[in-house]
Amino acid sequence: GMPIWVGGTINAARDLGFAPRAFLPGDNAIDWKSVIQLARDCMPLFISVFLMSAIIALPKYAVDFYLSDELLGVYSMIVMPVQVINLICSFIFRPSLKAISDMINAEDHKRLYRLLGKMAVAVFGFTALSMAVGWLIGAQVLTWFYGTDLMGYRAQLMAVLLGSGMFA
(Lines give C-alpha, C1' and ligand atoms only; values in the text may rest on other atoms or scores of the structure.)
Protein backbone atom coordinates (compact mmCIF):
# COMPACT_ATOMS: atom_id res chain seq x y z
CA GLY A 1 0.00 0.00 0.00
CA MET A 2 1.17 3.42 1.07
CA PRO A 3 4.72 2.47 2.24
CA ILE A 4 5.41 0.88 -1.14
CA TRP A 5 4.17 3.97 -2.96
CA VAL A 6 6.22 6.33 -0.79
CA GLY A 7 9.33 4.17 -1.08
CA GLY A 8 8.90 3.89 -4.84
CA THR A 9 8.50 7.64 -5.17
CA ILE A 10 11.63 8.31 -3.12
CA ASN A 11 13.60 5.73 -5.10
CA ALA A 12 12.42 7.18 -8.41
CA ALA A 13 13.31 10.70 -7.26
CA ARG A 14 16.73 9.50 -6.11
CA ASP A 15 17.35 7.68 -9.39
CA LEU A 16 16.41 10.78 -11.35
CA GLY A 17 18.63 12.97 -9.18
CA PHE A 18 15.79 14.88 -7.51
CA ALA A 19 15.93 13.42 -4.00
CA PRO A 20 17.36 15.61 -1.28
CA ARG A 21 20.37 14.29 0.60
CA ALA A 22 18.19 13.30 3.55
CA PHE A 23 16.78 10.40 1.53
CA LEU A 24 19.98 9.19 -0.11
CA PRO A 25 21.62 6.04 1.19
CA GLY A 26 24.84 6.48 3.10
CA ASP A 27 25.41 6.55 6.79
CA ASN A 28 21.67 5.86 7.31
CA ALA A 29 21.35 9.06 9.33
CA ILE A 30 18.46 11.32 8.46
CA ASP A 31 19.42 14.92 7.85
CA TRP A 32 16.46 16.50 9.63
CA LYS A 33 17.38 19.99 8.46
CA SER A 34 16.94 18.83 4.86
CA VAL A 35 13.67 17.11 5.70
CA ILE A 36 12.32 20.25 7.39
CA GLN A 37 13.51 22.43 4.49
CA LEU A 38 11.81 20.07 2.03
CA ALA A 39 8.59 20.29 4.07
CA ARG A 40 8.82 24.11 4.06
CA ASP A 41 9.52 24.21 0.33
CA CYS A 42 6.56 21.92 -0.40
CA MET A 43 4.08 23.68 1.92
CA PRO A 44 2.61 25.95 -0.81
CA LEU A 45 2.08 22.89 -3.00
CA PHE A 46 0.42 21.04 -0.11
CA ILE A 47 -1.88 23.97 0.65
CA SER A 48 -2.78 24.33 -3.02
CA VAL A 49 -3.60 20.65 -3.49
CA PHE A 50 -5.52 20.56 -0.20
CA LEU A 51 -7.63 23.58 -1.16
CA MET A 52 -8.26 22.24 -4.66
CA SER A 53 -9.45 18.94 -3.19
CA ALA A 54 -11.68 20.80 -0.73
CA ILE A 55 -13.17 22.98 -3.47
CA ILE A 56 -14.05 19.86 -5.45
CA ALA A 57 -15.36 17.82 -2.49
CA LEU A 58 -17.22 20.36 -0.33
CA PRO A 59 -20.17 20.98 -2.69
CA LYS A 60 -20.86 17.24 -2.77
CA TYR A 61 -20.81 17.08 1.03
CA ALA A 62 -23.16 20.08 1.21
CA VAL A 63 -25.60 18.46 -1.24
CA ASP A 64 -25.39 15.21 0.74
CA PHE A 65 -26.04 17.02 4.03
CA TYR A 66 -28.85 19.37 2.97
CA LEU A 67 -30.63 17.60 0.12
CA SER A 68 -32.02 14.16 -0.65
CA ASP A 69 -30.09 11.12 -1.85
CA GLU A 70 -31.85 11.49 -5.21
CA LEU A 71 -30.50 15.02 -5.68
CA LEU A 72 -27.05 13.86 -4.59
CA GLY A 73 -27.21 11.32 -7.41
CA VAL A 74 -28.30 14.01 -9.88
CA TYR A 75 -25.48 16.27 -8.67
CA SER A 76 -22.94 13.48 -9.11
CA MET A 77 -24.16 12.86 -12.66
CA ILE A 78 -24.04 16.54 -13.61
CA VAL A 79 -20.57 17.03 -12.11
CA MET A 80 -19.03 14.20 -14.17
CA PRO A 81 -18.24 16.46 -17.17
CA VAL A 82 -16.36 18.79 -14.80
CA GLN A 83 -13.85 16.04 -14.13
CA VAL A 84 -13.25 15.76 -17.87
CA ILE A 85 -12.78 19.52 -18.20
CA ASN A 86 -10.34 19.59 -15.28
CA LEU A 87 -8.40 16.69 -16.80
CA ILE A 88 -8.11 18.45 -20.17
CA CYS A 89 -7.07 21.69 -18.48
CA SER A 90 -4.38 19.80 -16.61
CA PHE A 91 -3.07 18.69 -20.01
CA ILE A 92 -2.76 22.38 -20.87
CA PHE A 93 -1.06 23.46 -17.61
CA ARG A 94 1.11 20.61 -16.39
CA PRO A 95 3.50 20.40 -19.35
CA SER A 96 4.24 24.11 -18.87
CA LEU A 97 5.00 24.06 -15.14
CA LYS A 98 8.77 23.76 -15.63
CA ALA A 99 8.79 26.57 -18.18
CA ILE A 100 6.69 28.76 -15.87
CA SER A 101 9.04 28.03 -12.97
CA ASP A 102 12.06 28.87 -15.10
CA MET A 103 10.48 32.15 -16.23
CA ILE A 104 9.66 33.11 -12.64
CA ASN A 105 13.20 32.32 -11.48
CA ALA A 106 14.69 34.27 -14.40
CA GLU A 107 12.23 37.12 -13.78
CA ASP A 108 11.23 36.92 -17.43
CA HIS A 109 7.84 38.51 -16.84
CA LYS A 110 7.13 39.31 -20.48
CA ARG A 111 7.37 35.67 -21.61
CA LEU A 112 5.60 34.50 -18.44
CA TYR A 113 2.60 36.78 -18.98
CA ARG A 114 2.47 35.85 -22.66
CA LEU A 115 2.41 32.12 -21.81
CA LEU A 116 -0.15 32.58 -19.03
CA GLY A 117 -2.29 34.64 -21.40
CA LYS A 118 -2.19 31.90 -24.03
CA MET A 119 -3.11 29.34 -21.40
CA ALA A 120 -5.99 31.50 -20.13
CA VAL A 121 -7.30 31.92 -23.68
CA ALA A 122 -7.11 28.14 -24.20
CA VAL A 123 -9.02 27.47 -20.98
CA PHE A 124 -11.59 30.19 -21.78
CA GLY A 125 -12.03 28.78 -25.28
CA PHE A 126 -12.41 25.23 -24.05
CA THR A 127 -14.85 26.36 -21.35
CA ALA A 128 -16.94 28.27 -23.90
CA LEU A 129 -16.91 25.26 -26.24
CA SER A 130 -17.89 22.86 -23.47
CA MET A 131 -20.69 25.18 -22.36
CA ALA A 132 -22.01 25.46 -25.93
CA VAL A 133 -21.92 21.70 -26.40
CA GLY A 134 -23.34 21.23 -22.90
CA TRP A 135 -26.25 23.56 -23.68
CA LEU A 136 -27.00 21.91 -27.02
CA ILE A 137 -26.63 18.22 -26.16
CA GLY A 138 -25.15 17.91 -22.64
CA ALA A 139 -28.34 17.02 -20.78
CA GLN A 140 -29.38 14.63 -23.55
CA VAL A 141 -26.01 12.84 -23.50
CA LEU A 142 -26.00 12.59 -19.71
CA THR A 143 -29.60 11.33 -19.75
CA TRP A 144 -28.63 8.66 -22.27
CA PHE A 145 -25.40 7.79 -20.43
CA TYR A 146 -26.93 7.45 -16.96
CA GLY A 147 -30.45 6.34 -17.93
CA THR A 148 -31.92 9.08 -15.72
CA ASP A 149 -33.87 12.06 -17.02
CA LEU A 150 -31.59 15.08 -16.53
CA MET A 151 -33.30 17.35 -19.05
CA GLY A 152 -34.64 19.59 -16.27
CA TYR A 153 -31.12 20.26 -15.00
CA ARG A 154 -29.68 22.08 -18.01
CA ALA A 155 -29.21 25.39 -16.12
CA GLN A 156 -27.43 23.56 -13.29
CA LEU A 157 -25.18 21.84 -15.84
CA MET A 158 -24.27 25.24 -17.27
CA ALA A 159 -23.47 26.60 -13.81
CA VAL A 160 -21.24 23.61 -13.08
CA LEU A 161 -19.46 23.92 -16.45
CA LEU A 162 -18.88 27.64 -15.92
CA GLY A 163 -17.59 26.98 -12.42
CA SER A 164 -15.19 24.35 -13.70
CA GLY A 165 -13.81 26.77 -16.26
CA MET A 166 -13.30 29.38 -13.57
CA PHE A 167 -11.68 26.77 -11.32
CA ALA A 168 -9.29 25.71 -14.06
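The values are calculated or read from the model by the stated rules, or taken from the named source; none is laboratory data. If you're wondering where the values come from, they're calculated on a predicted model, not measured in any experiment. Positions of Cβ are backbone-derived with ideal geometry, glycine not excepted, and every protein chain shown enters the neighbour counts. These accessible areas exclude ligands, DNA and RNA; they are computed on the full protein's heavy atoms, side chains included. Shrake-Rupley method; radii C 1.70, N 1.55, O 1.52, S 1.80 Å.
Against the condition over 22 Å from residue 165 (Cα atoms) and of a type in the set (Val, Ile, Thr), how does residue 36 come out, does it pass?
Values: over 22 Å from residue 165 (Cα atoms): yes; of a type in the set (Val, Ile, Thr): yes.
Yes: the conditions hold for residue 36.
Which residues, counting only those in region 81-125, are at pLDDT below 85, open to solvent by 50 Å² or more (accessible area, probe 1.4 Å) and within 30 Å of residue 146 (Cα to Cα)?
Within region 81-125, 83, 84, 87, 88, 91 meet the criteria.
Could you tell me how many of the residues in region 138-168 are in a helix (DSSP H, G or I), among the aliphatic types (A, V, I, L, M) and surrounded by 14 or more Cβ atoms within 10 Å (Cβ to Cβ)?
Looking only at that region, the number is 8.
Exactly one condition in (1) open to solvent by 60 Å² or more (accessible area, probe 1.4 Å); (2) in contact with a Lys or Arg (Cβ under 9 Å, 6 or more places away or on another chain); (3) in contact (Cβ under 8 Å) with a residue 60 or more places away in the chain is not met by residue 135; state its number.
(3)
Do we have residue 64 as part of a helix (DSSP H, G or I), without any contact (Cβ under 8 Å) to a residue 12 or more places away in the chain, touching an Asp or Glu at 6+ places or on another chain (Cβ under 9 Å) and among the charged types (D, E, K, R) here?
Working: part of a helix (DSSP H, G or I): yes; without any contact (Cβ under 8 Å) to a residue 12 or more places away in the chain: yes; touching an Asp or Glu at 6+ places or on another chain (Cβ under 9 Å): no; among the charged types (D, E, K, R): yes.
The answer is no for residue 64.
Among 68, 34, 48, which is the only one that is open to solvent by less than 80 Å² (accessible area, probe 1.4 Å), modelled with pLDDT of 85 or more and farther than 18 Å from residue 158 by Cβ?
Step by step, each of 68, 34, 48 is checked, and only 68 is open to solvent by less than 80 Å² (accessible area, probe 1.4 Å), modelled with pLDDT of 85 or more and farther than 18 Å from residue 158 by Cβ.
I'm trying to understand the selection: among the residues of region 98-116, which are of a type outside the set (D, E, K, R) and outside any helix (DSSP H, G or I)?
Matches in region 98-116: 106 only.
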